[in-house]
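What follows is a short report on a single structure.
The values are calculated or read from the model by the stated rules, or taken from the named source; none is laboratory data. Quick caveat: nothing in here was measured; it's all calculated off a predicted structure. Virtual Cβ from ideal backbone geometry, glycine too; neighbours counted across all protein chains shown.
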Protein chains: 2
Amino acid sequence: MDDLKAFRQLGSGTPGHPENFETPGVEVTTGPLGQGFANAVGLAFAEKHLAARFNKTDLNIVDHYTYVILGDGCQMEGISNEAASLAGHWGLGKLIAFYDDNHISIDGSTDITFTEDVLARYEALGWHTIWVKNGNTGYDDIRDAIREAKAVKKKPTLIKVTTTIGFGSPNKANTYSVHGSALGSKEVEATRSNLQWHHEPFHVPDEVKRHWSHHVDEGASLEAEWNKKFAEYEKKYHQEAVELKTVISGELPSGWDSALPVSTISESYCHMYTPECPPDATRNLSQKCLNALAKVIPGFLGGSADLATSNMTLLKMFGDFQRDTPEQRNIRFGVREHAMGAISNGIAVHSPGLIPYCATFFVFTDYMRAAIRLSALSESGVVFVMTHDSIGLGEDGPTHQPIEQLFSLRAMPNILSLRPADGNETSGAYKVAILNRKRPSILALSRQKLPHLNGTSIDAVAKGGYIISDNSSGNKPDLILISTGSELEIAEKAAAELRKDHRAVRVVSLVCWELFEEQAEEYKESVLPSEVTSRLSIEAGVTLGWEKYIGQKGKAIGVDRFGASAPAGKIYKELGLTVENVIAIAKTL
Amino acid sequence: MDDLKAFRQLGSGTPGHPENFETPGVEVTTGPLGQGFANAVGLAFAEKHLAARFNKTDLNIVDHYTYVILGDGCQMEGISNEAASLAGHWGLGKLIAFYDDNHISIDGSTDITFTEDVLARYEALGWHTIWVKNGNTGYDDIRDAIREAKAVKKKPTLIKVTTTIGFGSPNKANTYSVHGSALGSKEVEATRSNLQWHHEPFHVPDEVKRHWSHHVDEGASLEAEWNKKFAEYEKKYHQEAVELKTVISGELPSGWDSALPVSTISESYCHMYTPECPPDATRNLSQKCLNALAKVIPGFLGGSADLATSNMTLLKMFGDFQRDTPEQRNIRFGVREHAMGAISNGIAVHSPGLIPYCATFFVFTDYMRAAIRLSALSESGVVFVMTHDSIGLGEDGPTHQPIEQLFSLRAMPNILSLRPADGNETSGAYKVAILNRKRPSILALSRQKLPHLNGTSIDAVAKGGYIISDNSSGNKPDLILISTGSELEIAEKAAAELRKDHRAVRVVSLVCWELFEEQAEEYKESVLPSEVTSRLSIEAGVTLGWEKYIGQKGKAIGVDRFGASAPAGKIYKELGLTVENVIAIAKTL
């Protein structure tokens, strides 16, 4: 009750928009329109997937409906059409959506901008639809609609419920002025009188309490019933029960990380990738990680927005999650980046042990940024696999070449942006991503082949930044080259040349800024000693922000313009991302 | 022909995706899926609007169709559903879209993810639809479809054209392998033989040249005809012709900028807003600018994504652009931020003198980021009016409070991010936005009231950063406080206190980083002298990136976490954005 009284006040359980982790019972953080609906598609996906994997003919251990309420604004957003198209394609029969058709949005009547036939659109998307014409008081109609929706097992159902916004308020009902503003004391009085509600503010009559308290008993008995069923399940299906428990608890199977690939030379065992291993694109190295992880983590699953063969995200031992094969773990999101992100958030919050990854070209994080932000805000540990991470993707040109995306994600709270340079760092990035269950990770991966470098390491990635090579002593190099991902090779080669001129050069991989910032001052000082001001960064993206590490006296090589359509090598040369340029600028420091 | 031979090579006119300004005849920059379709809705909108304003019963001076081709990928993207819903609502009868229904996307058959009934969906969105079943060779069917589409005057038309991808290639047709890869010499040979095409590579037979050269004459004669018609129009409708010419040429009417509001005290004339003028939110000050500009700039028009009364973006002297009132200039985009951005891009490139603005909450730039980026890349000078620009929006909470958005847009090439502090700076920001016709502007505006400050100025905004107040001499302040927007007031108040302790304090407004960077070194040094290292920034957003201006020895006050639902004042206090905190930290510098 205190929370209700502190509506939209600092620290209350009733913030302006629902937030999971703030309020018990709130399953997803919504507010930005369309997100909650797409989350619901993710929740229903998770139920269908887990049911297919764990239910037995005699024991339905995963069995629930997913309900979602959405409004006119949600319906206008593109993300909801993307998510609805997927829900229809997948035949998510246990997803029931209530569309609050109240004809009013913030700017007034929806007639000014929204005159489409929503039900016909949903039918075209493969949904069953029902219209409840009196949503204000037609409780039996709503109950009937739910029954009908449950009876339709192969399609999701949209129940359009026509309502009056502000129902009961004699002067403000059916107007936009009740959308976001309080009624005001006079209109509250008029509404109470109109609804014949004579109790004090915040008083819940005993009759209402009694009615709702039934649900406590009902819930407790349902839980007891399920626990009993699960005990039986554990006895009969021990192995499946162990797996399902890890999905429910989120506990990672012990030793899972030893599955991470350490070398491309499969014949000879080695502790890490070395320069002798054949060069490879980090997107390919990523694929090895994905496949390795899916083998040992039961809840690991995911897919791409129609770029599986470019992002290299197919799990080879599994088929596609489809309407009739929901036990499979490859998700075909289609070209629907925004819904992909929000559906993944829904899957992640369904069960702590479900770890969804989703993939597209790095530049298209722009299409799904709102969902990525909600992933960060709602602590959904989604793994965002973003390949083609720079102008190095080449011929597709500036519309496809990320320039500012890495920085713009580094600026976002509670998300890790990792840009690994080779095999060791790619495995290390996945280790970080899997361990961080309360914050999502962005993996920025190359299209182009990269050599494995001496000095990189799986475990060092967890520190965010570390020394790759150094010929200085006493923590006093003449020069520090700082780089990430595909440019670390360039930094290394330049350092090798500069050392021939007897310069003491350190090369630092700053694979994840957020993790580096979390290290102890002493460690950070051991990597980037403050008295060394000759610093040069090289990264194929904007230089803005690099001042943090290069300081006022350092210099940055980067890309502060849109890219160009050309083979990768040519663009790198054109924009000065070369060993020669690093050497030339280093000599001015 | 050289350009064709240099396909996807540096500097050629045939980049990997079409780019305006790179290739003559390319009207919009597309590539990211769904954008081109939404651009087309903008182009058709512009035609309908200009036709309604300038056509006369006896003289149709604006009269063209808009054609667009879109594929399966475009159809899956949410943005295309948003744009199609608007096109249907607006009844854009001269918009004709060809949907290349080839059943193949990058990951293979569209059956794996895209099984909706597209035509039924478009019908639900208010479109006329036609299906051409043989799009490979059914030229007459396509011609018939266009004729039918033209005959339907009140609805846009979607022509679904079923085709075979890679038609003619005997072994690769109808597979995803012809989507993005070259056929290879063997398959090229087989295809040539199959199509009975026996010419050398890059040879255009005379017969083909002759056929196409008809279009040159046809085009020339259409142009001559239009010129003649326009000469007549100029005689008969002089005033309208003058206006239309500014729309076509993009030349701004002389003296347009004197319309910008300079004071809120309408009775007494003053050259600028002063502290005596009543405090106001910059979103309200923005509305005065919008209304003033619409009076003097014939091509100025725009709207909001269902937040007109929050963004304060209604043009009071105009009605709504609707199906039957297309001459009006308020655009009701609905909750469709992504399409709003891309439609605005289309309007902007239709005619240089059309200056569209579009609006939503600043945090929802995340929903439209891909369109904003294309605005920057394609030099569409759209004005993005983004209100509720910080945690200062208060109770709506973290999902609605931008934290990292400003910085993430500062990182984007070719776009100006402006965060004005008061009336003078808001007018100055609009002046910059209107003058920059080749790069878009983002205006970050406050929900909360702000005082007008001494020292701000309309013209100084064009320099990006300037001194607001200073009690130092010889360009050697003890301390520089750097701030933007709503926090400039805090900086000013803190400076006043610090000066009481005999400190020489300068306050700098860094209203637009991009413009400041473009100033001469001498000017920059006069504002931020490099020998003054005691610097403190205060801005209600991430501190990452501020190192650029505060240096290694400076400090930054900002917000490096998600916000919270509470009244603005409480959050500001909770997060240390207060005069007291500025003073306390300043004393450590």
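Below is a table of values for the structure above.
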item	result
Single unsatisfied condition, B:Thr66 versus (1) more than 30 Å from A:Thr360 (Cα to Cα); (2) within 11 Å of chain A (Cβ to nearest Cβ); (3) not basic (Lys, Arg)	(2)
Number of positions in region B:505-522 that are among the acidic types (Asp, Glu) and under 18 Å from B:Asp422 (Cβ atoms)	0
Scan of region A:379-411 for residues that are assigned to a loop (DSSP other than H, G, I, E, B) and at the interface with chain B (Cβ under 9 Å from one of its Cβ atoms), ordered by number	A:Gly394, A:Glu395, A:Asp396, A:Gly397, A:Pro398, A:Thr399, A:His400, A:Ile403, A:Glu404, A:Ala411
Residue count for region A:525-539, restricted to those that are in contact (Cβ under 8 Å) with a residue 24 or more places away in the chain and farther than 16 Å from A:Gly474 by Cβ	5
Members of region A:4-57 that are in contact (Cβ under 8 Å) with a residue 12 or more places away in the chain and among the charged types (D, E, K, R)	A:Lys5, A:Glu19, A:Glu27, A:Glu47, A:Lys48, A:Arg53, A:Lys56
Checklist (1) more than 27 Å from A:Met386 (Cα to Cα); (2) surrounded by fewer than 18 Cβ atoms within 10 Å (Cβ to Cβ); (3) out of contact with any Gly (no Cβ under 7 Å at 6 or more places or on another chain) applied to A:Ser249, failing item	(3)
When residues of region B:292-345 are limited to those that are of a type in the set (Lys, Arg) and facing chain A (nearest Cβ under 8 Å), the one surrounded by the most Cβ atoms within 10 Å (Cβ to Cβ)	B:Arg336
From the options A:Thr426, A:Thr456, residue that is among the β-branched types (Val, Ile, Thr) and more than 22 Å from A:Tyr523 (Cβ to Cβ)	A:Thr426
Of the criteria (1) of a type outside the set (A, V, I, L, M, F, W, C); (2) in a loop (DSSP other than H, G, I, E, B); (3) over 15 Å from the mean Cα position of the chain (by Cα); (4) within 14 Å of chain B (Cβ to nearest Cβ), which one A:Asn414 fails	(3)
Residue list for region A:16-58, filter: in a helix (DSSP H, G or I), away from chain B (no Cβ under 11 Å) and among the small types (Gly, Ala, Ser)	A:Ala40, A:Gly42, A:Ala44, A:Ala46, A:Ala51, A:Ala52
Neighbours by Cβ (under 8 Å, 6+ apart or cross-chain): first from region B:344-372, under 13 Å from B:Leu443 (Cα atoms) and modelled with pLDDT of 95 or more; second polar (S, T, N, Q) and surrounded by fewer than 24 Cβ atoms within 10 Å (Cβ to Cβ)	B:Phe361/B:Ser310
Failed condition for A:His338, given (1) more than 21 Å from A:Gln448 (Cβ to Cβ); (2) touching a strand residue (DSSP E or B) at 6+ places or on another chain (Cβ under 6 Å); (3) in contact (Cβ under 8 Å) with a residue 24 or more places away in the chain	(2)
Residue match in region B:199-219 (condition: part of a loop (DSSP other than H, G, I, E, B), under 30 Å from B:Glu327 (Cβ atoms), modelled with pLDDT of 90 or more and not hydrophobic (A, V, I, L, M, F, W, C))	no
Wholly enclosed helices (runs of 4 or more DSSP H) of region A:478-589 bearing at least 3 residues within 34 Å of the chain's Cα centre (by Cα)	A:488-500, A:513-517, A:521-527, A:547-550, A:568-574
Residue match in region A:74-88 (condition: more than 14 Å from chain B (Cβ to nearest Cβ), β-branched (Val, Ile, Thr), buried (at least 23 other Cβ atoms within 10 Å of the Cβ) and in contact with a helix residue (DSSP H, G or I) (Cβ under 7 Å, 6 or more places away or on another chain))	no
Selection count, region A:425-446, where residues are surrounded by 24 or more Cβ atoms within 10 Å (Cβ to Cβ) and not aliphatic (A, V, I, L, M)	8
Filter pass, B:Ile482 being out of contact with any Pro (no Cβ under 7 Å at 6 or more places or on another chain) and crowded, with 20+ Cβ neighbours inside 10 Å	yes
Candidate set from region A:346-378 (those that are under 25 Å from A:Lys288 (Cβ atoms) and small (Gly, Ala, Ser)); member that is farthest from the other protein chains (Cβ to nearest Cβ)	A:Gly353
Any hit, region B:399-418, residues being modelled with pLDDT of 95 or more, over 23 Å from B:Leu510 (Cβ atoms), surrounded by fewer than 24 Cβ atoms within 10 Å (Cβ to Cβ) and not acidic (Asp, Glu)	yes
Test: residue in region A:29-44 that is surrounded by fewer than 18 Cβ atoms within 10 Å (Cβ to Cβ), among the hydrophobic types (A, V, I, L, M, F, W, C) and farther than 30 Å from B:Arg332 by Cβ	no
Residue count, region B:91-132 (criterion: touching a residue at least 24 places away in the same chain (Cβ under 8 Å), at the interface with chain A (Cβ under 9 Å from one of its Cβ atoms) and not in a loop (DSSP other than H, G, I, E, B))	7
Close pairs from region B:540-566: first more than 9 Å from chain A (Cβ to nearest Cβ) and farther than 14 Å from B:Gly397 by Cα, partner among the acidic types (Asp, Glu) and part of a loop (DSSP other than H, G, I, E, B), Cβ under 9 Å, at least 6 apart	B:Ala540/B:Asp389; B:Thr543/B:Asp560; B:Ala556/B:Glu539; B:Ile557/B:Glu539; B:Gly558/B:Glu539
